[in-house]
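Have a look at the structure below before the remarks.
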Amino acid sequence: MNAFSDISLLIADDHVIIRRGLKFLLETHFGKFNIVETDSSKGILSSLAKHQFTHLILDMQLADGNLLEIFQEIKQQNPHLPILIYSMSPEDIFAKRLNNLGASGYLNKQSSEEEVVKAMELFFTGRKYVSQKYFDMQHNVTKGKSDNPFSNLSERETEVLLLLLKGKSVKEIASYFDLKSNTVATFKARIFDKIGVNNLMDLQNSARAYNIPTV
């Protein structure tokens with residue numbers, strides 16, 4: 001008998017290939033059980049209202065927004081429901097925030113199959129998953145090293161950051177500071193590199209994680 005057959009899982013990810021690939025991996029290692037898929041925040045909330053899931057696997061980026069915008073709502077409405085984050089978004093920025101909000105772990109999509117299976121087994125058996133990277137990061141914090149990447153920005157980079165978070169374009173920021181657009185573009189690239197993000201949405205989420213105003 002399949003020890004995991006009673007699991008009812010919701011997978012939320014904006015890429016169908018990721019959802020189907022994860023489903024195949026889970027069925028290969030854990031056998032057949034109920035799996036429902038969605039690609040949006042709206043789909044998550046709708047599915048939770050219609051079905052009784054035992055577990056959720058959620059990506060940070062969704063078709064209609066990002067997980068931080070609805071995570072607390074999910075936990076408030078389903079306080080005992082285990083949630084594993086499976087994402088490409090930077091673990092060193094988002095893992096602590098989401099774990100503190102009640103996630104059962106943060107698994108990077110670049111993890112090996114062996115690591116994914118290990119994380120899922122812990123998740124499905126009621127235990128918390130902690131990656132080696134997250135463990136090392138927390139260890140560094142206890143030794144007094146700052147885990148806030150925004151502290152590494154220069155004064156000018158911080159000024160550019162705050163305008164980016166308000167939705168200003170490179171051209172608008174250049175005009176505001178009386179700089180050339182390519183100079184501001186360089187500042188933007190440095191900010192993304194120091195924070196460890198690749199797009200504005202991740203930058204905004206990172207800022208929220210460290211209580212930096214985004215409006």
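The values are calculated or read from the model by the stated rules, or taken from the named source; none is laboratory data. All values derive from a computational prediction rather than experimental measurement. Using ideal geometry, Cβ is built from the backbone for each residue, glycine included, and neighbour counts are taken over all protein chains shown. To get the accessible areas, we keep the full protein, side chains included, count just its heavy atoms, and leave off ligands, DNA and RNA. Shrake-Rupley method; radii C 1.70, N 1.55, O 1.52, S 1.80 Å.
For the reader, a short list of remarks on this structure follows.
- Any hit, the stretch 179-188, residues being among the small types (G, A, S) and closer than 28 Å to D59 by Cβ: no
- Residues of the stretch 41-52 that turn out to be open to solvent by less than 20 Å² (accessible area, probe 1.4 Å) and assigned to a loop (DSSP other than H, G, I, E, B), as a count: 0
- Members of the stretch 71-100 found to be assigned to a helix (DSSP H, G or I), among the aliphatic types (A, V, I, L, M) and more than 12 Å from the chain's Cα centre (by Cα), listed by number: I74
- Residue within the stretch 151-166 that is in contact with a Phe, Trp or Tyr (Cβ under 7 Å, 6 or more places away or on another chain) and either charged (D, E, K, R) or open to solvent by 50 Å² or more (accessible area, probe 1.4 Å) (or both) present: yes
- Residue check for L68: in a strand (DSSP E or B), buried (at least 17 other Cβ atoms within 10 Å of the Cβ) and out of contact with any Cys (no Cβ under 8 Å at 6 or more places or on another chain): no
- Filtering the stretch 182-202 to residues that are modelled with pLDDT under 95 and either outside any helix (DSSP H, G or I) or hydroxyl-bearing (S, T, Y) (or both) leaves G196, V197, N198, N199.
- Residue, surrounded by the most Cβ atoms within 10 Å (Cβ to Cβ), within the stretch 172-181, restricted to residues that are in a helix (DSSP H, G or I), free of Cβ contacts under 8 Å to residues at least 12 places away in the same chain and not polar (S, T, N, Q): A174
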